[in-house]
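Undergrad: Supplied in structure tokens, the structure appears directly below.
Just so you know, all these numbers are worked out from the coordinates, no wet-lab data involved. A quick note: this is a predicted structure, and the numbers were derived from the prediction, not measured. So basically every Cβ, Gly included, is an ideal-geometry build from the backbone, and we count neighbours across all protein chains shown.
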Amino acid sequence: MLTVETHATSHIGRVRKGNEDNYLLLNISGAKAWMSSQDPEEFVIESQRFEVDDSGIILAVSDGMGGALAGEVASQMAVETVSKKFLDEDPERTISPEGTADSLIGTLYEATLYANHLIHQQGRSDPQYQGMGATFTGIGISDNTVDLIQVGDSRAYLVRNGNIYQITKDQSLVQQLIDANQISAEEAETHALKNVILQALGAQSEIFPVSARLIPHRDDILLLCSDGLSNKVGGVDMQKIVLDNLDHLELACAELVKKANENGGEDNITVILAKITGDDLSEPSEDEVRLELLNIGNIHDTADQDTAEII
């Protein structure tokens, strides 16, 4: 059985008047969820320890957009919809206690699509929420897999064997330009269209989340964050802060937020740190981190293989 130690927080930053980010920690079999309060006056680190059973757990970060209260509403709808999908009282719609990794990622994928539908409909039916949307980076952890869902430009990183890897790819215009070799990663950091994203929950009637699978190793640390952190703290600095606080990851969580604020803090900052331990986990022995890109239509087929690079 895996044990996952989690620490999560969401901070308003130094410039914004409200917090449009949110996070989700979900214990499926325990029917318990933790989300950000989004209160600009609060800075609380939520720490939980999960014994991962067959049902698994869900971790997610969502960054809302749309101005006024719209972004806050969108990110809250995103995490609440996903949580309710797993905790639905209808047994035919809830993941079963005997659920497998495949049903976990399948349900997470369906919940993401449903969240997109609800946010999109709310934006169309209520003028004050017109055009609202939210990123969504979600992770489902079962007893032997870590599955990822990506919509937008919030991110997931992996700290393994003293190295840090970015294990999601931004669905953004500048990332598309990088992939086409039209600009460099360094140029992307200051590009005029840096904040243009290609997918967001609620922005379109139809979305195409990217899903991938990672095999966990002993003492892996997952870092999920909104771009309020990743735009202000580079991978090397993230790595150092986490490695300097391995025995007190709640301090690492606070230090990451502090660093982002010291570097400007123009956006809301949300971060989840999750350390995975278990006697049955393999020791990390290779520098390569392999990601299996999933085709949810037939989850046993792989759409592709990808190798995450050390940052």
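Undergrad: Past the 18 Å Cα-Cα mark, which pairs from K194/K232; K32/K84; K17/K194; K232/K275; K169/K194; K169/K258? Write down the numbers at each step before the final one.
TA: Numbers: K194/K232 13 Å; K32/K84 10 Å; K17/K194 22 Å; K232/K275 23 Å; K169/K194 14 Å; K169/K258 25 Å.
Pairs exceeding 18 Å: K17/K194; K232/K275; K169/K258.
Undergrad: Please compute the net charge surrounding V271, taking Lys and Arg as +1 and Asp and Glu as -1 over other residues with Cβ under 14 Å from its Cβ. Display every interim value, and only then the final one.
TA: On the way: positive: R155, K232, K258, K259, K275; negative: D21, E46, D63, D227, D237, E250, E255, D267.
Its environment carries a net charge of -3.
Undergrad: Also, I was wondering about something else. Normalised by the number of residues in the chain, what is the relative contact order in percent for Cα pairs under 8 Å and 6+ residues apart?
TA: 22
Undergrad: Q239: net charge of surrounding residues, Cβ under 13 Å, Lys/Arg +1, Asp/Glu -1, itself excluded?
TA: Values: positive: R160, K240, K259; negative: D237, D244, E255.
Computed value for this residue: 0.
Undergrad: Something else: Residue by residue through region 183-194, which ³J(HN,Hα) values in whole Hz follow from phi under the Karplus form 6.51 cos²θ - 1.76 cosθ + 1.60 (θ = phi - 60°), with glycine and proline marked x?
TA: Along region 183-194, the couplings run 9, 8, 4, 5, 5, 4, 5, 10, 5, 4, 9, 4 Hz.
Undergrad: Place a +1 charge on the Cβ of each Lys and Arg in region 181-263 and a -1 charge on the Cβ of each Asp and Glu, then give the dipole magnitude about the Cα centre in debye, rounded to the nearest 20.
TA: Values: 7 positive and 13 negative charges, 32 e Å.
Using Cβ point charges on Lys, Arg, Asp and Glu, region 181-263 gives about 160 debye.
Undergrad: Work through the residues other than V4 whose Cβ is under 13 Å from its Cβ and net out their charges, Lys, Arg +1 and Asp, Glu -1. Write out the running numbers ahead of the final one.
TA: Numbers: positive: R49, R218, K275; negative: E5, E51, D53, D143, D219, D220.
Taking every other residue near V4 into account, the sum is -3.
Undergrad: What residue among N19, P284, V52 has its Cα farthest toward the positive end of the dipole of the chain, where the charges are +1 on Lys, Arg and -1 on Asp, Glu, each on the Cβ?
TA: N19
Undergrad: For the residue pair E283 and E5, what label-to-label distance in nm results when each label sits 7 Å from Cα along the Cα-to-beta-carbon direction?
TA: In this crude label model, E283 to E5 measures out at 2.0 nm.
Undergrad: Here is a follow-up. Calculate for the chain the 222 nm mean residue ellipticity that helices alone would give, adding -39,500 (n - 2.57) per DSSP H run of length 4 or more and normalising by residue count, nearest 500 deg cm²/dmol. Display every interim value, and only then the final one.
TA: On the way: 7 runs with 81 residues, N = 311.
Roughly -8000 deg cm²/dmol at 222 nm, from the helical runs in the chain.
Undergrad: Please state the charge dipole magnitude for region 2-308, taken about the Cα centre, from unit charges on C-beta atoms (+1 on K and R, -1 on D and E), reported in debye and rounded to the nearest 20. Walk me through the numbers before you get to the answer.
TA: Numbers: 21 positive and 51 negative charges, 168 e Å.
Approximately 800 debye in magnitude.
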